[in-house]
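The values are calculated or read from the model by the stated rules, or taken from the named source; none is laboratory data. It should be emphasised that the depicted structure is a prediction, and the values quoted were computed from it without experimental measurement. Neighbour counts are summed over all protein chains in view; Cβ atoms, including those assigned to glycine, are modelled from backbone coordinates with ideal geometry. Surface areas here come from the heavy atoms of the whole protein model, side chains and all, with no ligands, DNA or RNA. Shrake-Rupley method; radii C 1.70, N 1.55, O 1.52, S 1.80 Å.
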Amino acid sequence: MKRYINTLCLLMVILLGLVSCLKDSDTTTVANYNETAITGFSLTAVNRYTPTTNKNGNDTIVKSTLTVKSYPFSIDHYQRKIYNTDSLPEDCDLKHVLVSVTKSTYTGNIVIKNIDNDSLKTYSSTDSIDFTSPREFRAYNNTLQKYRAYTVEVNVKKGDYNRFKWEKMPNTTPDIKSVAVKELEDRTFKLTIDDGQTWSDEEIALTEDVSLMPVSSFQYVSFPISTVPGGTYHLLIGMMEDEFYDEMYTVWRKITDDNGDNGAWVCLMNMNSELVELNYPGYLPTAEMTSLVYHNDAILAIQSDGSIYESRDQGISWHKNSKYSLPTELQAGQRLVAKGDDEGYVWLYYLDSNETWRGKFIKK
């Protein structure tokens, strides 16, 4: 009886050692589906770290959680592959992923082969797994003498997400109307956005200095504003008459609505001594040509020197955003005009090379 108990204890120690730290062995044979199999595989937790820009124009990272139910996995028992057909967003953290694995009745343990070596680790639903490269999952039978191996791959989107994507179009000139201002006197000026076909009388807010109004190099954009029912936001930039300010645009805005409220033009630039010395970090620098486009819930100032400035506070401050860039095939310095369309595209027409490009910010 004592010898029987000792033998039983020895067998239990051996089995526990195999479960906790299995090693590859030439004596282990491959099991078939009737003996062991992985019957279900799903993600349970994946973090996302999305690059974005805050209201001050600074690059930052936002952490969020992926909706894992939207990405089911397929199991190919013939080829012994497990994979997701709908790729995860590229900002997912694949180094720390939690998964749920379902096994067949005759399967004893699920173990995972390490990336750096051939050692094996017992699967646990609470341990994160590195899926930056395909992983081998093994389903061992109850005696731990046979296993069925699966290659598990978590696919992610790559390349064209969370950035601008450009494509060259046939050489057709976009329908872009010029902006002009004239008769600037007595706090009133005239504005046209249809090549001079119609002119509207625009009144400057009484609190503003008329000397801060633009007198040349005008650019204009308008877009709906959700904070005002039926409202439209109008933004106008241009050069001031005083040459002291020739390195920055002056920026003005007004808000209109469907009830006939035409609003008043108000200057967004705080012309204090700090700004005059060009130490203010949010001013919009001048360029040979600049076009304003409302795109991706922001105002873009696309300039002929290749710079793209973004304002996410409706024109108050401007900052470069690394997500936005012009087509790499084009040389900086070309004169250009730009416009947006109802489908969310930005159109560029290069006056020097007679090229037309269409771009769009591709979100995940």
Fill in the blank from the handout: The number of residues in the range 272-285 that are open to solvent by 20 Å² or more (accessible area, probe 1.4 Å) and modelled with pLDDT of 80 or more is 2
Practice task
For residue 344, work out the one condition from (1) closer than 25 Å to residue 252 by Cα; (2) crowded, with 16+ Cβ neighbours inside 10 Å; (3) within 18 Å of the chain's Cα centre (by Cα) it doesn't fulfil.
Solution key: (2)
Exercise for the section: Those residues that are at pLDDT 90 or above and more than 26 Å from residue 231 (Cα to Cα), I need them from the range 288-302; list them, please. Expected result: none
Handout entry: residue 191 being open to solvent by 30 Å² or more (accessible area, probe 1.4 Å), on the phi < 0 side of the Ramachandran plot and over 29 Å from the mean Cα position of the chain (by Cα)
Key = no
Practice task
Could you tell me which of the residues 189, 218 is within 24 Å of residue 319 (Cα to Cα), of a type outside the set (D, E, K, R) and at pLDDT below 90?
Solution key: 218
Problem - Count - residues of the range 227-271 that are assigned to a strand (DSSP E or B) and surrounded by fewer than 15 Cβ atoms within 10 Å (Cβ to Cβ) - result: 1
Completion exercise
the range 69-154: strands (runs of 3 or more DSSP E) wholly inside it with 3 or more residues that are free of Cβ contacts under 8 Å to residues at least 60 places away in the same chain, under 32 Å from the mean Cα position of the chain (by Cα) and more than 23 Å from residue 48 (Cα to Cα) are none
Exercise for the section: Among the residues of the range 347-357, count how many are under 21 Å from residue 163 (Cβ atoms) and open to solvent by 50 Å² or more (accessible area, probe 1.4 Å). Expected result: 1
Exercise for the section: Being out of contact with any Cys (no Cβ under 9 Å at 6 or more places or on another chain) and either open to solvent by less than 30 Å² (accessible area, probe 1.4 Å) or among the polar types (S, T, N, Q) (or both) is the filter here, so list the residues in the range 197-206 that pass it. Expected result: 197, 198, 200, 202
Exercise for the section: Look at the range 44-68 and say how many of its residues are in a loop (DSSP other than H, G, I, E, B) and either open to solvent by less than 60 Å² (accessible area, probe 1.4 Å) or modelled with pLDDT of 90 or more (or both). Expected result: 5
Handout entry: the range 299-333: number of residues that are open to solvent by less than 70 Å² (accessible area, probe 1.4 Å), among the aliphatic types (A, V, I, L, M) and under 17 Å from residue 352 (Cβ atoms)
Key = 3
Problem - Tabulated pairs, the range 163-180, first assigned to a strand (DSSP E or B) and at pLDDT 80 or above, second small (Gly, Ala, Ser) and surrounded by 15 or more Cβ atoms within 10 Å (Cβ to Cβ), C-beta under 8 angstrom, 6+ apart or interchain - result: 165/359; 166/359; 167/359
Exercise for the section: Could you please let me know if residue 224 is touching a Gly at 6+ places or on another chain (Cβ under 9 Å) and either exposed (fewer than 11 other Cβ atoms within 10 Å of the Cβ) or not in a strand (DSSP E or B) (or both)? Expected result: yes
Practice task
Tell me which residues, restricted to the range 207-221, are open to solvent by 40 Å² or more (accessible area, probe 1.4 Å), under 27 Å from residue 340 (Cβ atoms) and not hydrophobic (A, V, I, L, M, F, W, C).
Solution key: 216, 217, 219
Handout entry: Filter result (out of contact with any Asp or Glu (no Cβ under 7 Å at 6 or more places or on another chain) and within 9 Å of residue 151 (Cα to Cα)) within the range 126-137
Key = 135, 136, 137
